[in-house]
1. List pairs: first residue in the stretch 77-100 and in contact (Cβ under 8 Å) with a residue 40 or more places away in the chain, second residue small (Gly, Ala, Ser) anywhere in the structure, Cβ distance under 7 angstrom, at least six positions apart or on different chains.
2. Hey, Val73 hits all of (1) among the aliphatic types (A, V, I, L, M); (2) at pLDDT 85 or above; (3) open to solvent by 60 Å² or more (accessible area, probe 1.4 Å); (4) over 30 Å from the mean Cα position of the chain (by Cα) but one; which does it fall short on?
3. Quick test of your reading of the structure: Val44 fulfils all but one of (1) in contact with an Asp or Glu (Cβ under 6 Å, 6 or more places away or on another chain); (2) without any contact (Cβ under 8 Å) to a residue 12 or more places away in the chain. Name the failing condition by number.
4. For the stretch 56-70, name all the residues that are open to solvent by less than 80 Å² (accessible area, probe 1.4 Å) and part of a helix (DSSP H, G or I).
5. For the stretch 9-55, how many residues meet the condition of being in a helix (DSSP H, G or I) and open to solvent by 50 Å² or more (accessible area, probe 1.4 Å)?
6. Look at Leu38 and say whether it is modelled with pLDDT of 90 or more and within 30 Å of Val10 (Cα to Cα).
Amino acid sequence: MIAETVCSAVAAAGLGIAAVTAYRKRFLAATRIAAYSLVPLGLVMTGVVDWLADTAFSPTAWAGFGVLGLSWVLFTTTRAVERRRGGTRKERKEARASAQRDAVAPAASAPSLGAGTRQSTKSATAPRSDASEDFSDIEAILKKHGI
């Protein structure tokens, strides 16, 4: 009841100020003041003020706002963790499986991450005759890293 009275008084005062402003030949400012002063009156007439008063003093409504806030916090937390980890569980599982498959180079007979013994049939100083062999090594490395 008091909220409706206060809103009506604010609207009446605003319309009075708008009338004085219009008398001073500042019609644009007077129209803007009148528009602002009619907002509280419109809110009272539509029942929004009653709804807000009922909501403000209702413990159930505040509990509902608390539940909504909790759900928002949980949602944003999971999104932040998902971004930090780099995707969904399915994407991480596929990446792990792909990494295990790529541990062996495509044309190799032994794992690339082996003990490090290297048997070379060609000498290190002999130039390779086929340029595609050089690129195949590079391609294998790029495929291994998923590029």
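The values are calculated or read from the model by the stated rules, or taken from the named source; none is laboratory data. Values in this document were obtained by computation on a predicted structure and should not be read as measured data. Please note: Cβ atoms are built from the backbone with ideal geometry, for glycine as well, and neighbour counts cover all protein chains shown. Protein only, heavy atoms only, side chains kept; ligands, DNA and RNA dropped before computing areas. Shrake-Rupley method; radii C 1.70, N 1.55, O 1.52, S 1.80 Å.
1. Ser98/Gly146
2. Val73 satisfies every listed condition except (4).
3. (2)
4. Matches in the stretch 56-70: Ala56, Ala61, Ala63, Gly64, Gly66, Gly69.
5. Looking only at that region, the number is 27.
6. Yes; evaluated as a whole, the condition is true for this residue.
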